[in-house]
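Asks: Just dropping this structure here.
The values are calculated or read from the model by the stated rules, or taken from the named source; none is laboratory data. Bear in mind the structure is a predicted one, so any value in this text is a computation, not a measurement. Reconstructed Cβ throughout: ideal geometry from the backbone, glycine too, with neighbour counts over all protein chains shown. Just the protein is used for accessible areas: all its heavy atoms, side chains included, with ligands, DNA and RNA removed. Shrake-Rupley method; radii C 1.70, N 1.55, O 1.52, S 1.80 Å.
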Amino acid sequence: METNKSVLFESLHREYFPMVLQMCLGFSQGDRDKANDLTQEIFLKIWKHLESFRGQSSYKTWIYRITVNTCLQLIRQEKKKGSL
């Protein structure tokens, strides 16, 4: 099972990395370091929850929602800290 998960994850990473990074750059207002950190965090979440993907949407839609939610969560945290 782990091998299939790894193969699927590598495929998803290869296909959707550019989309995720571009979205993170937008949310981080062009801060490349922050966007790279967000992208890494998003793909960690994808890896962690890959087995719970129910197939009710496409992988693209699922990854898009994880990306948006993760970025919005960061913005909320930064607003609380007063760093925005």
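Asks: How much of Ser11 can a 1.4 Å solvent probe reach, expressed as accessible area in Å² and rounded to 10?
Replies: Accessible area of Ser11: about 50 Å².
Asks: Next question, about the same structure. Go through the range 29-37 residue by residue and turn each phi into a ³J(HN,Hα) via Karplus (6.51, -1.76, 1.60, θ = phi - 60°); whole Hz please, and just put x for glycine and proline.
Replies: Couplings: 6, x, 6, 5, 5, 5, 5, 5, 5 Hz.
Asks: Just to verify a number: what accessible area does Trp47 come out at with the full protein assembly present, 1.4 Å probe, Å² rounded to tens?
Replies: We get 80 Å² for Trp47.
Asks: Might you work out the accessible area of Tyr59 for me, using a 1.4 Å probe with all protein chains in place, and round it to the nearest 10 Å²?
Replies: Only protein atoms counted, so the area is about 70 Å².
Asks: Enter the angle in degrees (range 0 to 90, nearest 10) between the Cα long axis of helix 2-27 and the first principal axis of the Cα atoms of the chain, meaning the one along which they spread out most.
Replies: Between the helix axis and the principal axis of the chain, the angle is about 20 degrees.
Asks: Further, regarding this structure: Could you do me a favour and compute the accessible area per residue for the chain, 1.4 Å probe, result in Å²?
Replies: Numbers: 5830 Å² over 84 residues.
Solvent-accessible surface per residue comes out at 69 Å².
Asks: Compute the Cα gyration tensor for the chain, then decide on rounded, prolate or oblate, letting a ≥ b ≥ c be the square roots of its eigenvalues: rounded whenever a/c is under 1.5, prolate when a/b is larger than b/c in the other cases, and oblate in all that remain. Present the calculation step by step, with values, prior to reporting the outcome.
Replies: Numbers: a/c = 2.29, a/b = 1.93, b/c = 1.18.
Note, shape of the chain comes out prolate.
Asks: A follow-up question, please. So what's the net charge close to Lys34: Lys and Arg +1, Asp and Glu -1, counting the other residues with Cβ under 13 Å from its Cβ? Write out the running numbers ahead of the final one.
Replies: On the way: positive: Arg32; negative: Asp31, Asp33, Asp37, Glu41, Glu78.
Summing Lys/Arg as +1 and Asp/Glu as -1 gives -4.
Asks: Note the full-extension length gain between Tyr64 and Leu8 as 0.36 nm times their separation in residues minus their Cα-Cα distance, in nm to one decimal.
Replies: Details: separation 56, 0.36 × 56 = 20.16 nm, distance 1.68 nm.
Separation in residues times 0.36 nm, less the Cα-Cα distance, equals 18.5 nm.
Asks: Kindly provide the helix-only [θ] at 222 nm of the chain, computed as the sum of -39,500 (n - 2.57) over DSSP H runs of four or more divided by all residues, to the nearest 500 deg cm²/dmol? Mind dumping the intermediate values first?
Replies: Numbers: 3 runs with 67 residues, N = 84.
Calculated mean residue ellipticity at 222 nm is -28000 deg cm²/dmol.
Asks: Would you mind telling me the share, in percent, of accessible area of the range 5-84 contributed by carbon and sulfur at probe 1.4 angstrom? Mind showing how you got there, number by number?
Replies: Working: 2710 of 5360 Å².
Solvent-exposed carbon and sulfur of the range 5-84 make up 51 percent of the total.
Asks: Still on this structure: Given a cut-off of under 8 Å on Cα pairs at least six residues apart, what relative contact order in percent is computed for the chain? Mind showing how you got there, number by number?
Replies: Details: 45 pairs, mean separation 26.4, N = 84.
Relative CO of the chain lands at 31 percent.
Asks: From the protein chains alone at 1.4 Å, what is the descending order of accessible area for Asp37, Asp31, largest first? All intermediate terms of the calculation are to be shown ahead of the outcome.
Replies: Details: Asp37 100, Asp31 60 Å².
My answer, sorted largest first, is Asp37, Asp31.
Asks: Moving on. Give me the dipole magnitude in Debye, nearest 20, for the chain about the Cα centre, with unit charges on the beta carbon: positive for Lys and Arg, negative for Asp and Glu.
Replies: Numbers: 13 positive and 9 negative charges, 74 e Å.
Roughly 360 debye, rounded to the nearest 20.
Asks: Which pairs break 27 Å Cα to Cα here: Lys45/Lys81; Lys34/Lys81; Lys5/Lys79; Lys5/Lys81?
Replies: Lys5/Lys79; Lys5/Lys81
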